Amino acid sequence: MKTYKLLTPGPLTTTDTVKQEMLFDHCTWDDDYKKITLEIRDQLLTLAHADSTTYTVVLMQGSGTFGVESVLSSVVGENEKLLIAANGAYGERMEEIAKHNRIPYVIYNEHYNQVPSAEKIKKMLEEDSDITHVAMVHSETTSGILNDIQAVAQIVKGAGKTFIVDAMSSFGGVDIDVPGMGIDFIISSANKCIQGVPGFSFIICKKDKLEESRGKARSLSLDLYDQWKTMEADGKWRFTSPTHVVLAFARALKELEEEGGIPARAKRYLDNNQLLIRKMKEFGIRPYISPDHQGPIITTFFYPENCNFSFQEMYDFIKERGYAIYPGKVTEADTFRIGNIGEIYEEDILKVVSLFKEFLETRQEV
Ligand SMILES: *Cc1c(COP(=O)(O)O)cnc(C)c1O
């Protein structure tokens, strides 16, 4: 089988040692396994700069969206109201979740290349006192923009509301002081910056807010409070857990620590990202997001001017030579995306840039 590295922002390329952990069929009910679950939860708390007196961690089966849906459908009550600040497909997905679960909500849609404005959110909170919760995405993977959760957190906390952050593609790759900012629920998943494989999401929760959500859940399997209560008792998951994924994740956390923790990983990702953007610029390929808002995870690039090739042709050429890239997702321009998280290093960035150059040169000759 011909393999390639993933330049997609999750699933991403993991180490062989993380994959090897999955060769063992672990029993779920015994103390060893429960201990692994408890340790994972503790380590995630530490990565979030939180401690177990005020925060806790819930692991939830499924992909990242299951985690977002679990939070929104479990913590916003029937007589409460959610404000969603969206500037990409993942913010818009929160609206889909709200609709499906009949959660009362309002949405503030921002342009895909702009960050949601804290001022605007402040005004909306002043004008609509029914709003009880505010939700937004940190790293909008749609475009690669990094939203200013710090500024919004200040407004939301000042107004005494609950703040929910989808940090799926940033947690572990960008340092986030969860208690410092006053975030109440922050969601990420196993297959992004922690560099595990897909299979569950995790939610770092402010304990008192989680307690308040008791009995509000609209779904049995996604009930955040019940999942927590079961897990909190002795580390047992409610319903079958993705055992192989859990073992791989425990290993991935260890490797994150060995790399030097979030500061070292964040630096590697940022270096990858800046090198990529600089090199692509050298032959006229420009990023969609301006430098002041570009995040370190994934970059949206405009197609080069006057190009006469499809994304598929470019994708095939690069995949054939060892890397899988990503189609664009912004609606108003022709773009493609390159992620730089996972087991990706300077040499990979230089290699993929040279492949682009080679591809463009072969295209110009015909
Ligand atoms: C990956 C991602 C998700 C979750 O997507 P799944 O396909 O359900 O794993 C949610 N939000 C953001 C910002 C993401 O990058």
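The values are calculated or read from the model by the stated rules, or taken from the named source; none is laboratory data. Remember, it's a predicted structure, so these values are computed and weren't measured experimentally. Neighbour counts are summed over all protein chains in view; Cβ atoms, including those assigned to glycine, are modelled from backbone coordinates with ideal geometry. The protein model used for the area step is the full one, side chains on, heavy atoms only, and it has no ligands, DNA or RNA in it. Shrake-Rupley method; radii C 1.70, N 1.55, O 1.52, S 1.80 Å.
Ranking request for peptides 142-154, 159-171, 312-324: highest mean number of other beta-carbon atoms within 10 Å first, then the rest in descending order.
159-171, 142-154, 312-324
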Query - Three semi-axes of the equivalent ellipsoid, the chain, Cα gyration tensor, whole Å, largest first - result: 34, 26, 17
Query - Charge context of Glu346, other residues only, Cβ under 13 angstrom, K/R +1, D/E -1 - result: +1
Query raised in the report: Residue by residue through the range 179-184, which ³J(HN,Hα) values in whole Hz follow from phi under the Karplus form 6.51 cos²θ - 1.76 cosθ + 1.60 (θ = phi - 60°), with glycine and proline marked x?
Result: x, x, 7, x, 6, 8
**Report entry** Distance (nanometres) between label positions extended 7 Å along Cα→Cβ at Asp42 and Lys319
**Finding:** 4.4 nm
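Ignoring ligands, DNA and RNA, please state the percent of accessible area on the range 16-257 from carbon and sulfur, probe 1.4 Å.
So the carbon and sulfur contribution to the accessible surface is 49 percent.
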Query raised in the report: So what's the back-of-envelope 222 nm ellipticity for the chain, counting only DSSP H runs of four-plus at -39500 (n - 2.57) apiece and dividing by all residues, rounded to 500?
Result: -13000 deg cm²/dmol
Requested in this report: Whenever you get a sec, compute what percent of the accessible area on the range 264-338 sits on carbon and sulfur atoms (1.4 Å probe).
Outcome: 48 percent
Query - Residue-normalised accessible area of the chain, expressed per residue, 1.4 Å probe, Å² - result: 43 Å²
**Report entry** Lys229 versus Ser310: modelled label distance in nm, points set 7 Å from Cα along the beta carbon direction
**Finding:** 5.3 nm
Query - Highest to lowest packing among 52-60, 68-76, 263-271, scored as the average C-beta count within 10 Å - result: 68-76, 52-60, 263-271
Requested in this report: Sort out for me the Cα centre separation of the range 268-342 from the range 1-33, rounded to whole Å.
Outcome: 27 Å
Report summary line: Once Thr15, Thr28 are ranked on solvent-accessible area with the largest value leading and a 1.4 Å probe, the list reads Thr28, Thr15
